[in-house]
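The structure under discussion is supplied below as structure tokens; questions concerning it will follow.
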Amino acid sequence: KIVAHVPVKSQLVSIIDPTATVPGRRNYSFTEEADYYAEYRKSWFAHTCKKAGWDCMRHYEIIANGCLPLFRNIESCPTDVLTVFPKDLCVRAIDLYRRTAADFNAEAEQEATSLIREFLDYARSHLTTEALAQRILDEWDVKEGEKVLFIGPNLYPDYQRDLLLDGMKRLKGTDCVEVANIPFMYSDFSGDITKLYGRGMSYSRNLDPAL
């Protein structure tokens, strides 16, 4: 779900702001994934932050939609947390915003476009579900043709588990065997995804049932 190129922009900062305390600014009103993504795509920057923990689906959704994350306090993130996340690029995005927000001219747009491309290139190489799964397979030294037993008995959404399953299925296909099928991960799921955590956005109904 990573955009192929830098989208056309129409606003400096997204209205989605989990860091905001001002009424009306903290907007979580999106019910459709396409509308949610479109908000990031038309924005040069979008706010994100640590909440229950440092990792969060929102960080990746911002980057994947060709937007620059304004990750509050990213400099304070421990070195052994978000180890694959591009923290250095986030610091550069914050610096760019601080330098140019008051006068976001053509030169600033050019710099932002270049930085978005760096984020997108990095995401394609390191932040996909396949990249996540491959790191696990390499760590376990799983050989071609060997099967992986995927144990996920709790069928409530769990981003870490679900995104790892997505990557494993894409890399291993039917050689990734689930103990308990996680139904909302597959495109033939007939349930109401809006009842899932985060309304099912980004992670649900993406896998071919044949996998």
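The values are calculated or read from the model by the stated rules, or taken from the named source; none is laboratory data. This is a predicted model, so every value here is computed, not measured. Glycine also receives a Cβ, built like all others from the backbone with ideal geometry; neighbour counts cover every protein chain displayed. Protein only, heavy atoms only, side chains kept; ligands, DNA and RNA dropped before computing areas. Shrake-Rupley method; radii C 1.70, N 1.55, O 1.52, S 1.80 Å.
Residue by residue through segment 118-129, which ³J(HN,Hα) values in whole Hz follow from phi under the Karplus form 6.51 cos²θ - 1.76 cosθ + 1.60 (θ = phi - 60°), with glycine and proline marked x?
5, 4, 5, 4, 5, 4, 5, 8, 10, 10, 7, 5
Please compute the modelled spin-label separation between Arg92 and Lys51, points set 7 Å along Cα→Cβ, answer in nm with one decimal.
That separation, rounded to one decimal, is 2.8 nm.
Apply the Karplus parameterisation 6.51 cos²θ - 1.76 cosθ + 1.60, with θ equal to phi minus 60°, to every residue of segment 139-149 and state each ³J(HN,Hα) to the nearest whole Hz, in sequence, with x for glycine and proline.
Karplus values, whole Hz, x for Gly and Pro: 5, 7, 6, 7, 8, 4, x, 6, 8, 10, 8.
Can you grab the distance from the C-alpha centre of segment 121-139 to the C-alpha centre of segment 51-73, Å, no decimals?
17
Give the residue from Tyr97, Cys49, Leu70 lying farthest towards the positive end of the charge dipole for segment 43-118; charges sit on Cβ (+1 for Lys and Arg, -1 for Asp and Glu) and the dipole is referred to the Cα centre.
The Cα lying farthest towards the positive end belongs to Cys49.
List, in the order given, every pair from Lys51/Lys87; Lys87/Lys143; Lys51/Lys195; Lys169/Lys195 whose Cα-Cα distance in the structure shown is over 20 Å.
Numbers: Lys51/Lys87 17 Å; Lys87/Lys143 32 Å; Lys51/Lys195 22 Å; Lys169/Lys195 24 Å.
In this structure, Lys87/Lys143; Lys51/Lys195; Lys169/Lys195 lie more than 20 Å apart at Cα.
Another one. Which option, (i) 136; (ii) 109; (iii) 118, is the value of volume of the Cα convex hull per residue in Å³ that was calculated from these coordinates?
Derived directly from the coordinates: (i).
With a 1.4 Å probe and all protein chains in place, put Ser190, Ser29 in order of accessible area, largest first. All intermediate terms of the calculation are to be shown ahead of the outcome.
Details: Ser190 115, Ser29 80 Å².
Putting Ser190, Ser29 in descending order of accessible area: Ser190, Ser29.
Normalising by the residue count of the chain, find the relative contact order in percent from Cα pairs under 8 Å and 6+ residues apart.
Details: 284 pairs, mean separation 34.3, N = 211.
Here the relative contact order equals 16 percent.
Using a 1.4 Å probe over the heavy atoms of the protein chains, calculate the carbon and sulfur portion of the accessible area of segment 115-180 as a whole percent.
Details: 2020 of 3890 Å².
The nonpolar share, carbon plus sulfur, comes to 52 percent.
Peptides 62-72, 151-161: what's the order by average Cβ count within 10 Å, highest mean first? Intermediate values should be presented prior to the final figure.
Numbers: 62-72: 24.5, 151-161: 12.1.
In descending order of packing, they fall as 62-72, 151-161.
Additional query: Taking amide H positions as placed in the peptide plane 1.01 Å from N, state which residues far from Cys176 in sequence (5 or more) or on other chains have amide H under 5 Å from it.
Residues meeting the criterion, in which the H sits 1.01 Å from N, are Val148.
For Val179 paired with Ala106, estimate the spin-label separation in nm (one decimal), with each label point 7 Å from Cα along the Cα-to-Cβ line.
6.1
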